[in-house]
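The values are calculated or read from the model by the stated rules, or taken from the named source; none is laboratory data. None of the values given here were measured: they were computed from a predicted structure. Cβ sites come from the backbone with ideal geometry, for glycine too, and all protein chains shown count toward neighbours.
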Amino acid sequence: MKPADLIGAAGATSIQQRLSTLTSEDGVARYLLDRLTGEQVAAITAALLATSGVAAQLKIAIPRALVDGHGLPDAVVTDDRTVAVRNAECEKPALLMANTDDDQGESLQDVTLIGAKQLTEDVAPWVEAASTGLGLPEGQLAAWRAALAGLNAADDWTLHQVSHFVALTRQRVAEESKPVQEALGWALPALRLPRDSGYFVGIKDKDLDQPRRWRKLFDKLISDRKPLMAKMRSNRQTIDADELQGQFEQSKEDIAAIAHGPIEVFIAAPPGWGDAAQALAEFEWEADNVLLLFSGIKLKKTTLAEDTINFFEFDFAGPAQRCRRGVS
């Protein structure tokens, strides 16, 4: 199952749930797929078109320029601006639109925005779609839902990241018959975190369905390991290549040989998340001993001004990019 399929299923379910609460006194409900990519909008639209009963309740008018080339029928695409579509008469109980770069949702009145946050905050549709055909017991499904709830509480994630994380989790369960806890650790590179299949395995059975327990573990990953993959210390100081190279030379014999080449590339790469960090993240943090590359890295003394600069460079560079239409 591809990430786009999961986005389509989750988005369609979210809209169906909203449609189910409408009454004749509500007037026309107007929904806007907000700041999503053309692929994401097309996936949701296609899933809705394949759902029985939706056509009678929902008029769909998606900008042609946004979804051109994605195979949607002409009946659900339009050349009109979103503002014009919103103000036009609608003969059905609800209207679904999408915005483009020059048709922003905040300029429209009486419209319910459905963006990445709204699509990911309800975790049940994601697990329902991703678990199809896997035959998982309810305990594993409950753990999966709790994990995604904890993930969402721990940080803001793009739709791209969440969909890939869920898709990789499913892949590991489907292809290797791994339990959900192990599959979730294996899928961590989708979140720009290093793979660690054993990270969640220690959760006690009584805590598996508790989002708070999962959030604590995700919080620790984000604070302790995410900066390292961007070549940053926990206080956002940059880790110099020479320091990493020295650490690598000291621990090289204990790190899986297959990871040596990607580590050299990572050391030579500039700070920040990129292809080199992605490649390194796909090795096991503990099983391949990638953690040894960072185990001797120490904090440096800095001034308050330097700490402030480091904080803003690390914490606010990412979100600016995440605002770009639901991509990572």
**Fill in**
Apart from one, (1) over 20 Å from the mean Cα position of the chain (by Cα); (2) under 30 Å from M1 (Cβ atoms); (3) part of a loop (DSSP other than H, G, I, E, B); (4) without any contact (Cβ under 8 Å) to a residue 60 or more places away in the chain all hold for F200; the odd one out is (1)
**Request:** Being surrounded by fewer than 24 Cβ atoms within 10 Å (Cβ to Cβ) and without any contact (Cβ under 8 Å) to a residue 40 or more places away in the chain is the filter here, so list the residues in region 29-44 that pass it.
**Result:** G38, E39
**Request:** Tell me, yes or no, whether region 71-84 has at least one residue that is crowded, with 17+ Cβ neighbours inside 10 Å, more than 21 Å from the chain's Cα centre (by Cα) and under 29 Å from A190 (Cα atoms).
**Result:** yes
**Item:** Test: residue in region 227-242 that is at pLDDT below 95, assigned to a helix (DSSP H, G or I), charged (D, E, K, R) and surrounded by 14 or more Cβ atoms within 10 Å (Cβ to Cβ)
**Value:** no
**Fill in**
Given (1) touching a strand residue (DSSP E or B) at 6+ places or on another chain (Cβ under 6 Å); (2) closer than 29 Å to A154 by Cα, L96 misses just (2)
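State all residues of region 178-226 that are among the acidic types (D, E) and either touching a His at 6+ places or on another chain (Cβ under 9 Å) or within 24 Å of A124 (Cβ to Cβ) (or both); if no residue qualifies, say none.
Here is the first cut: in region 178-226, the residues among the acidic types (D, E) are 182, 196, 205, 207, 209, 219, 224.
Within region 178-226, E182, D205, D207, D209, D219 meet the criteria.
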**Request:** Mind counting the residues in region 210-226 that are in contact with a Leu (Cβ under 8 Å, 6 or more places away or on another chain) and part of a helix (DSSP H, G or I)?
**Result:** 6
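Take D26 and decide whether it is more than 27 Å from the chain's Cα centre (by Cα) and modelled with pLDDT of 95 or more.
Numbers: more than 27 Å from the chain's Cα centre (by Cα): yes; modelled with pLDDT of 95 or more: no.
For D26, the condition - more than 27 Å from the chain's Cα centre (by Cα) and modelled with pLDDT of 95 or more - is not met.
Do you know which residues across region 149-180 are farther than 25 Å from G38 by Cβ and in a helix (DSSP H, G or I)? Lay out the reasoning, then the answer.
Here is the first cut: in region 149-180, the residues farther than 25 Å from G38 by Cβ are 149-151, 153-155, 169, 172-180.
Scanning region 149-180 gives A149, G150, L151, A153, A154, T169, R172, V173, A174, E175, E176, V180.
Condition test on A241, is it in contact with an Asp or Glu (Cβ under 6 Å, 6 or more places away or on another chain) and hydrophobic (A, V, I, L, M, F, W, C)?
Numbers: in contact with an Asp or Glu (Cβ under 6 Å, 6 or more places away or on another chain): no; hydrophobic (A, V, I, L, M, F, W, C): yes.
Taking the combined requirement at face value, the residue does not satisfy it.
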**Asked** How many residues does region 167-187 contain that are touching a helix residue (DSSP H, G or I) at 6+ places or on another chain (Cβ under 7 Å) and under 21 Å from K220 (Cβ atoms)?
**Response** 9
**Asked** Of the residues in region 5-32, how many are more than 19 Å from P63 (Cα to Cα) and of a type in the set (G, A, S)?
**Response** 6
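Residue by residue, here is whether (1) out of contact with any strand residue (DSSP E or B) (no Cβ under 8 Å at 6 or more places or on another chain); (2) outside the structural domain of D196 (by TED's automatic domain parsing); (3) surrounded by fewer than 20 Cβ atoms within 10 Å (Cβ to Cβ) holds:
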position: T112; (1), (2), (3): no, yes, yes
position: T132; (1), (2), (3): yes, no, yes
position: P137; (1), (2), (3): yes, no, yes
position: Q140; (1), (2), (3): yes, no, yes
position: L151; (1), (2), (3): yes, no, no
position: D155; (1), (2), (3): yes, no, yes
position: H160; (1), (2), (3): yes, no, no
position: F165; (1), (2), (3): yes, no, no
position: Q171; (1), (2), (3): yes, no, yes
**Message:** Residue under question is L32, and the condition is that it be touching a Gly at 6+ places or on another chain (Cβ under 8 Å) and either of a type in the set (K, R) or not in a helix (DSSP H, G or I) (or both); does it hold?
**Reply:** yes
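Starting from residues that are aliphatic (A, V, I, L, M) and touching a residue at least 40 places away in the same chain (Cβ under 8 Å), keep the ones in region 178-190 and report whichever is surrounded by the most Cβ atoms within 10 Å (Cβ to Cβ).
Quick first cut of region 178-190, residues aliphatic (A, V, I, L, M) only: 180, 183-184, 187-188, 190.
When the remaining residues are screened for being touching a residue at least 40 places away in the same chain (Cβ under 8 Å), the result is 180, 184, 188.
Numbers: V180: 27, L184: 29, L188: 25.
Filtering region 178-190 for residues that are aliphatic (A, V, I, L, M) and touching a residue at least 40 places away in the same chain (Cβ under 8 Å), the one surrounded by the most Cβ atoms within 10 Å (Cβ to Cβ) comes out as L184.
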**Request:** For D26, indicate whether it is surrounded by fewer than 23 Cβ atoms within 10 Å (Cβ to Cβ) and not assigned by TED's automatic domain parsing to the domain that holds R172.
**Result:** yes
**Count - residues of region 253-290 that are crowded, with 18+ Cβ neighbours inside 10 Å and in a helix (DSSP H, G or I)** = 10
